[in-house]
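Visitor: For reference, the structure I am asking about is given below.
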Protein chains: 2
Amino acid sequence: MRPPPPVTTRLDLPAVVALLAGEETVVDASTVHVDDACVRAFDAIDADRRNEMMVLDEGDGTVLGCLQLTYIPGLGRHGQERALIEAVRIRADRRGAGLGRDLLTRAIDRARERGCTLVQLTSNKRRAEAHRFYASLGFARSHDGFKLSL
Amino acid sequence: MRPPPPVTTRLDLPAVVALLAGEETVVDASTVHVDDACVRAFDAIDADRRNEMMVLDEGDGTVLGCLQLTYIPGLGRHGQERALIEAVRIRADRRGAGLGRDLLTRAIDRARERGCTLVQLTSNKRRAEAHRFYASLGFARSHDGFKLSL
């Protein structure tokens with residue numbers, strides 16, 4: 001039986017913050033500065049039953065990848081939730097070894113077990129390799145993604 | 001002063017369900033069937049402080065448009081939330097009169113007032129007119145949107 005997907009704890013926070021900031025590799029996560037706003041955001045995610053960070057862990061607590069799942073209730077699709085995936089990152093020095101596929105597959109399984117009928121995500125148009133990756137997981141590139149910075 | 005954006009109540013539910021189902025116009029919303037799953041989904045949205053349906057209302061309770069806002073906490077962007085917009089609909093017989101712009105502008109204002117630093121949405125690649133509309137509101141079409149039905 002596949003182990004339950006690890007959900008981020010505060011212990012993982014420095015490594016996850018480094019991943020999201022685009023640090024190539026994190027030799028020592030304890031050196032990463034995590035500011036108060038980030039801790040508050042983590043606590044908000046942690047307290048929200050419709051949000052979770054997932055981490056891919058080497059087994060010894062070393063974080064190799066992460067993503068965030070948000071479960072969104074909606075009036076369409078017979079009242080079933082959709083799952084939104086954001087903040088997908090795999091450590092730069094560990095890419096190409098199937099870790100991203102493992103992490104995404106776990107996230108999709110988790111959404112399915114919860115009863116979601118749709119998983120969605122967006123990827124920057126420049127990231128052709130990521131697009132092939134998502135297509136290989138069965139995702140359809142059916143939409144354009146619009147962003148407005150406030 | 002602009003009136004506060006109307007948030008959907010259970011009274012609006014038949015009209016919103018009709019809009020989402022693609023009904024061209026709803027002459028009498030009381031004839032629309034709202035199943036239990038849909039009512040439960042509405043209650044889930046209503047009870048969740050990070051989800052809200054907004055409606056555009058003629059003033060007499062007639063629903064002309066709707067959208068859903070989801071406020072998503074995250075570890076990036078200095079711990080500020082992003083707002084996701086889904087389920088944008090304007091009644092077919094009232095399009096072209098600026099109602100969509102009014103509704104989207106209110107949603108963006110609401111996200112800004114809440115402290116969100118980003119608003120995002122996806123639109124089907126076939127909907128070129130919608131894409132011009134979102135661009136005219138300042139959105140950048142920077143991403144591709146991927147969907148996986150479960």
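The values are calculated or read from the model by the stated rules, or taken from the named source; none is laboratory data. Computed from a predicted structure; not experimentally measured. Positions of Cβ are backbone-derived with ideal geometry, glycine not excepted, and every protein chain shown enters the neighbour counts. Please note that ligands, DNA and RNA were not included when accessible areas were found on the heavy atoms of the full protein model with its side chains. Shrake-Rupley method; radii C 1.70, N 1.55, O 1.52, S 1.80 Å.
Visitor: Mind listing just one residue for me: the one in the range B:109-136 that is hydrophobic (A, V, I, L, M, F, W, C) and at the interface with chain A (Cβ under 7 Å from one of its Cβ atoms) and, of those, farthest from A:Ala128 (Cα to Cα)?
Guide: Initially, the range B:109-136 is screened for residues hydrophobic (A, V, I, L, M, F, W, C), giving B:111, B:116, B:118-119, B:121, B:128, B:130, B:133, B:135.
Filter once more, keeping what is at the interface with chain A (Cβ under 7 Å from one of its Cβ atoms): B:111, B:116, B:118-119, B:121.
On the way: B:Ala111: 31, B:Cys116: 29, B:Leu118: 23, B:Val119: 24, B:Leu121: 20 Å.
The qualifying residue farthest from A:Ala128 (Cα to Cα) is B:Ala111.
Visitor: Quick one: would you say A:Val34 is assigned to a loop (DSSP other than H, G, I, E, B), modelled with pLDDT under 95 and within 14 Å of chain B (Cβ to nearest Cβ)? Please lay out each step first, then the result.
Guide: Details: assigned to a loop (DSSP other than H, G, I, E, B): yes; modelled with pLDDT under 95: yes; within 14 Å of chain B (Cβ to nearest Cβ): yes.
So A:Val34 fits the description; yes.
Visitor: Looking only at the range A:50-73, how many residues end up being over 13 Å from the mean Cα position of the chain (by Cα) and at pLDDT 95 or above?
Guide: Residues meeting the conditions: 3.
Visitor: Next question. Any idea how many residues of the range B:109-121 are touching a residue at least 24 places away in the same chain (Cβ under 8 Å) and open to solvent by 30 Å² or more (accessible area, probe 1.4 Å)? I'd like the intermediate steps shown before the answer.
Guide: Start the filter on the range B:109-121 by keeping residues that are touching a residue at least 24 places away in the same chain (Cβ under 8 Å), which leaves B:109-111, B:114-121.
Those still in the list that are open to solvent by 30 Å² or more (accessible area, probe 1.4 Å) too: B:109-110, B:114, B:117.
The qualifying residues number 4.
Visitor: Could you check the range B:56-98 and list, in sequence order, the residues that are over 30 Å from A:Phe42 (Cβ atoms), within 14 Å of chain A (Cβ to nearest Cβ) and open to solvent by 70 Å² or more (accessible area, probe 1.4 Å)?
Guide: B:Arg89
Visitor: Continuing with the same structure: When you look at B:Arg101, is it open to solvent by 60 Å² or more (accessible area, probe 1.4 Å) and touching a residue at least 24 places away in the same chain (Cβ under 8 Å), yes or no?
Guide: Working: open to solvent by 60 Å² or more (accessible area, probe 1.4 Å): yes; touching a residue at least 24 places away in the same chain (Cβ under 8 Å): yes.
Taking the combined requirement at face value, the residue satisfies it.
Visitor: Kindly establish whether A:Arg106 is more than 11 Å from every other protein chain (Cβ to nearest Cβ), open to solvent by 10 Å² or more (accessible area, probe 1.4 Å) and either in contact with a helix residue (DSSP H, G or I) (Cβ under 9 Å, 6 or more places away or on another chain) or among the hydroxyl-bearing types (Ser, Thr, Tyr) (or both). Outline the logic, then answer.
Guide: Details: more than 11 Å from every other protein chain (Cβ to nearest Cβ): yes; open to solvent by 10 Å² or more (accessible area, probe 1.4 Å): yes; either in contact with a helix residue (DSSP H, G or I) (Cβ under 9 Å, 6 or more places away or on another chain) or among the hydroxyl-bearing types (Ser, Thr, Tyr) (or both): no.
No: the conditions fail for A:Arg106.
Visitor: Kindly establish whether B:Asp28 is modelled with pLDDT under 95 and over 12 Å from B:Val7 (Cβ atoms). Steps first, answer last, please.
Guide: Numbers: modelled with pLDDT under 95: yes; over 12 Å from B:Val7 (Cβ atoms): yes.
It is true that B:Asp28 is modelled with pLDDT under 95 and over 12 Å from B:Val7 (Cβ atoms).
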